[in-house]
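Comments concern the structure below.
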């Protein structure tokens with residue numbers, strides 16, 4: 001059979017087309033294989049975007065040295081340093097306040113990019129307020145509130161809330177220098193840990209509160225976060241930086257306890273919580289702000305009672321039910 005010139009041309013084009021298709025498919029396969037290897041290598045060498053490294057206490061050594069006292073890591077990658085006023089002997093209605101009940105100064109640090117946000121609550125006597133405030137201002141640390149937390153205490157105690165954003169070591173040094181103008185102790189506590197029964201039924205209190213507390217020496221404490229996020233400008237404030245309800249029980253004998261702390265409330269919750277606390281025999285001792293630019297706007301309500309511990313736990317639980 002003879003093949004015409006036209007047929008030969010068609011056959012040549014067909015064979016050429018098949019040849020180029022084979023070359024093209026091989027090139028695509030090789031390219032895909034190369035991209036796969038590169039992607040796998042890159043994945044092994046890089047940290048995923050959403051898995052930021054967790055801070056450890058070791059990362060805060062320079063801050064510890066500048067502040068003069070070590071702290072510990074808290075939820076939300078917060079480094080928190082407690083500075084209890086164990087030097088003070090403060091009484092309310094015949095009850096001597098343990099530092100963990102209402103005399104606990106603290107400073108908390110949270111990194112955000114190249115900056116650090118710092119918040120704190122400093123317990124001061126009246127004559128310490130002005131010197132400490134002045135030195136803080138000189139060191140670039142803002143005062144966001146100054147007020148009482150309890151009533152009828154002796155000697156009079158004031159609470160200074162602070163806020164700063166910047167270099168963590170410089171801020172820590174500024175706070176240290178200010179606190180040296182007070183009698184705030186910097187030495188680590190030598191008091192033994194409380195292991196025995198503290199004198200109130202903590203298991204039953206947990207049941208009534210619907211939460212599990214923890215013993216801090218002879219004070220039984222609850223920290224209960226709000227449901228919504230609390231923001232400082234465009235940064236979220238973890239609950240461990242002072243935006244959680246703080247409820248403290250200090251046994252006073254015979255199954256009774258002195259209670260104090262603060263509720264963290266939005267405006268619409270303030271009066272319902274006041275009414276609930278008063279209905280349960282719990283005194284409201286202060287309502288005020290602790291911060292300047294938080295969102296949502298928050299009000300902090302402090303309280304006091306010295307009564308049957310289980311009765312007070314029921315009252316606190318009823319008040320918490322009025323909050324988000």
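Simple spin-label estimate for residue 115 and residue 75 gives 2.6 nm between the two label positions (7 Å along the Cα-to-Cβ direction from each Cα). The stretch between residue 130 and residue 278 holds 49.8 nm of extra length on full extension. This uses 0.36 nm per residue minus the Cα-Cα distance. Shown is the FRET efficiency for residue 235 and residue 145, computed with R0 = 25 Å from the Cβ-Cβ distance and rounded to the nearest 0.05: 0.85. State the percent of C-alpha pairs, over all pairs in the stretch 55-188, separated by a distance greater than 22 angstrom. For the stretch 55-188, the fraction of Cα-Cα distances above 22 Å is 34 percent. Residue exposure proxy: 181, 265, 208, ordered by other Cβ atoms within 10 angstrom of their Cβ from fewest to most, comes out as 181, 208, 265. The distance from the alpha carbon centre of the stretch 196-215 to that of the stretch 287-324 is 18 Å, rounded to a whole number.
To the nearest whole percent, what portion of all C-alpha pairs in the stretch 128-285 is separated by more than 22 angstrom? Display every interim value, and only then the final one.
On the way: 7194 of 12403 pairs.
In whole percent, the share of Cα-Cα pairs in the stretch 128-285 beyond 22 Å is 58.
When the Cα atoms of the stretch 91-156 are aligned to their principal axes, the ranges along those axes come out at 49, 23, 14 Å in descending order. Panel note: the C-alpha atoms of the stretch 199-324, placed on their principal axes, show extents of 48, 28, 20 Å (largest first). Each distinct pair of alpha carbons in the stretch 56-116 adds a 1/r term; the inverse of their mean, the Kirkwood radius, is 13.2 Å. The label point for residue 227 and the one for residue 186, both projected 7 Å from the Cα toward the Cβ, are 4.5 nm apart.
Express in whole angstrom the spacing between the alpha-carbon centres of the stretch 58-76 and the stretch 110-189. Cα centroid of the stretch 58-76 versus Cα centroid of the stretch 110-189: 16 Å apart.
Computed from the Cβ-Cβ distance with R0 of 22 Å, the FRET efficiency linking residue 308 to residue 89 stands at 0.25.
None of the figures in this text is laboratory data; all of them are computed from the coordinates on show. For clarity, every value in this text was computed on a predicted model and none was experimentally measured. When we count neighbours, we look across all protein chains shown, and the Cβ atoms used for this are built from the backbone with ideal geometry, even at glycine.
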